[in-house]
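Novice: Can you keep this structure in mind? I'll have questions shortly.
The values are calculated or read from the model by the stated rules, or taken from the named source; none is laboratory data. Quick caveat, the model's predicted, so the values are computed rather than measured. Here the Cβ positions follow ideal geometry from the backbone for every residue, glycine too, while neighbour counts run over all protein chains shown.
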Amino acid sequence: MKRWELLDQLSTDAAGSWVYGDPQQTADGATVITAARVRASGGDGSGVTATPAGALVIRADRTEWVPAVKVDRIALLGVLTGLLSAVIIALAVLRRPPWPDLRVTVDRHIGE
């Protein structure tokens with residue numbers, strides 16, 4: 001299938017389709033086939049967006065799917081989790097400090 005035929009087909013498919021790249025041979029004899037998720041991006045189907053999904057790696061009698069990982073999103077999630085934890089702990093400590101309240105003890109002894 002030619003690329004322009006593929007784009008014509010994708011313009012009518014709003015849900016998205018899988019597109020596979022040409023098989024590539026590596027030095028160790030493995031075959032790698034890249035895959036992407038392609039969707040029509042315009043309301044009238046005028047644009048196309050592609051998102052890398054991963055690759056199929058074929059070696060002798062074994063096929064393996066290697067997903068495309070977005071490291072930026074994973075790092076951002078880690079940073080946001082750390083910040084949220086710090087805010088929750090700071091609010092808990094400020095609301096009820098872990099050290100004893102000495103004012104209550106002093107007031108009781110003075111009143112006796």
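Novice: Go through the stretch 51-86 and report how many residues are of a type in the set (A, V, I, L, M, F, W, C) and not in a strand (DSSP E or B).
Specialist: So the answer is 13.
Novice: Could you check the stretch 44-64 and list, in sequence order, the residues that are closer than 17 Å to residue 34 by Cβ and either among the polar types (S, T, N, Q) or outside the structural domain of residue 33 (by TED's automatic domain parsing) (or both)?
Specialist: 49, 51, 63 - these are the residues of the stretch 44-64 that are closer than 17 Å to residue 34 by Cβ and either among the polar types (S, T, N, Q) or outside the structural domain of residue 33 (by TED's automatic domain parsing) (or both).
Novice: For residues that are more than 22 Å from the chain's Cα centre (by Cα) and either among the acidic types (Asp, Glu) or modelled with pLDDT under 90 (or both), scanning just the stretch 47-61, find the one that is surrounded by the most Cβ atoms within 10 Å (Cβ to Cβ).
Specialist: 47
Novice: How many of the residues in the stretch 30-46 are surrounded by 12 or more Cβ atoms within 10 Å (Cβ to Cβ) and either at pLDDT below 90 or at positive phi (or both)? Please lay out each step first, then the result.
Specialist: Residues of the stretch 30-46 surrounded by 12 or more Cβ atoms within 10 Å (Cβ to Cβ): 30-41, 45.
Adding the requirement that they be either at pLDDT below 90 or at positive phi (or both) leaves 37-41, 45.
Of the residues in the stretch 30-46, 6 are surrounded by 12 or more Cβ atoms within 10 Å (Cβ to Cβ) and either at pLDDT below 90 or at positive phi (or both).
Novice: Filter the stretch 62-105 for residues that are among the acidic types (Asp, Glu) and over 28 Å from the mean Cα position of the chain (by Cα) and give the result.
Specialist: Correct list: 101 only.
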